[in-house]
Each structure stands twice: as C-alpha cells, then as structure tokens.
Amino acid sequence: MRRPSSSRRSMTAALAAALLAGVGAAAPPAMAAALPGETAQGSPLRSVAELSARRLATGDLVAAAKWGTGGPVDDPARERRVLDSAAERAGALGADPWLTRLVFRDQIEANKAVQRGLHRLWRDHPSEAPTERPRLDDVRKEVDRLNEALVRAVADSAPYRRAAPLCRVALAVSAGRVSRARSLDELHSTALAGSLKEVCGNRRQHAG
C-alpha cells in the first residue's frame, strides 16, 4: 500500500476544525462529461459518492481520536444504532430500508478499514502518528449529519438504480471522479469503492 501524502498523514487540529465546520460540503467541481441523468450540479449517484468520501474522511478523525487509548475500532452498539437509524429514516422518506441498511453496512466497514489502515501506518511510522486527539463525540456529530444527507442521496438515486449495469458503470465513474478530485490515496480510494458496493442493489439481485 502506498503511504498517504503528507497532507493526509498530518492529522492536525486544522483538519478536524475544517471537517467539523463542514468545509467539505462544497459542491463538487464541474465534470468533464455528463453521466446519464446528470445536470450541471451532478447526479444523485455523484452525490452518493461525494458524501461517502466525506464520510470516509471522518475515519481519519475517529482513528486519531482512538489512537493511543486502547479503544477498539469496532463499536457494535454504535454500529447498530447507525444502521437502525438509517433504515428508519429511509422508510420515512419512502425509500428502501433494506437496501439503505446494506449501503450503510458497507459504509461502516469502509470507515473501519480506514481506521485500521491508519493505525497500522502509525504503528509502523510513529513520527506520522497524530499529535492531537479530536473529541470522538464531536466527530460522531459530523458523521450523523453526513448520515442524514447520505440517506437522502441514496433515496434520490432510486430511479438511477433501476438499470443495474448502467448504475454500476455510472457509480464507478462518479467514484473515480470524486477520488481524483480529492486526491485520495490507495487506502481511501479502496475504502471508497468498498463503501459503494451495494448502492446499485447487487446483493438483492444475487439473492433473486
């Protein structure tokens, strides 16, 4: 795995402050070529990819918050609450709670993959470990805000998921654009791909 760039290796108070202040909420840059259903502002699939990347960025902060505390990456109680809340909110929006739960399961696993990857990096290269620890409760408040936006984006993407092969192609292109726009390293770009596995309903189709 390639080591992250210096900008990502440095977990500073500025990064935490910027993320928690919602700096990442800006609209993505204009795209060179439109995908099916896109406007100048993008498409719901682009929004899902962008929000997933922003959610993954919180994994850096969670990793820093847990670093050196002996706390585990896994938090089953928190994960159940996130999954239940996402499914409930999807139902309230008239979306598919079952699919939304699958999407958020992948989101959680991708976030944990980032945390574990960073912890491995910091163990191997102590000089790159964070020197400041964000407040985990503050980070989770931002995660909760992103969860709400992501549930809505997944709900809005329903018309784009009806043609699964086209959905998968469009989502992969969107993810690639988001990855390039954010200059994601290997750890984060791989995690982003993992976080989007079920957006186009792959598991449901395989289940018949």
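Things to note:
- Residue match in the range 166-173 (condition: in contact with a Phe, Trp or Tyr (Cβ under 9 Å, 6 or more places away or on another chain), assigned to a helix (DSSP H, G or I) and within 18 Å of THR100 (Cβ to Cβ)): yes
- Residue list for the range 66-90, restricted to those being in contact with a Pro (Cβ under 9 Å, 6 or more places away or on another chain) and either free of Cβ contacts under 8 Å to residues at least 24 places away in the same chain or among the polar types (S, T, N, Q) (or both): ALA87, GLU88
- The range 169-204, subset among the hydroxyl-bearing types (Ser, Thr, Tyr) and within 12 Å of the chain's Cα centre (by Cα), residue surrounded by the most Cβ atoms within 10 Å (Cβ to Cβ): SER195
- Pairs meeting the criteria (first residue in the range 91-102 and farther than 13 Å from VAL48 by Cβ, second residue among the small types (Gly, Ala, Ser) and not in a loop (DSSP other than H, G, I, E, B), beta carbons under 6 Å, at least 6 apart or on different chains) are LEU93/ALA155; PRO97/ALA87; PRO97/ALA90; PRO97/GLY91; ARG101/ALA87.
- Test: residue in the range 114-124 that is more than 18 Å from LEU56 (Cα to Cα) and at pLDDT below 95: no
- Residues that are of a type in the set (D, E, K, R) and either open to solvent by less than 20 Å² (accessible area, probe 1.4 Å) or over 17 Å from the mean Cα position of the chain (by Cα) (or both) within the range 140-155 comprise just one, GLU142.
- In the range 56-91, the residue that is least open to solvent (accessible area, probe 1.4 Å) out of those that are within 12 Å of GLU109 (Cα to Cα) and of a type in the set (D, E, K, R) is GLU79.
The values are calculated or read from the model by the stated rules, or taken from the named source; none is laboratory data. Please read all numbers here as calculations on a predicted model, not as lab measurements. All Cβ positions, glycine included, derive from the backbone under ideal geometry; neighbour counts span all protein chains shown. We work out accessible area using only protein heavy atoms, side chains counted, and drop any ligands, DNA or RNA first. Shrake-Rupley method; radii C 1.70, N 1.55, O 1.52, S 1.80 Å.
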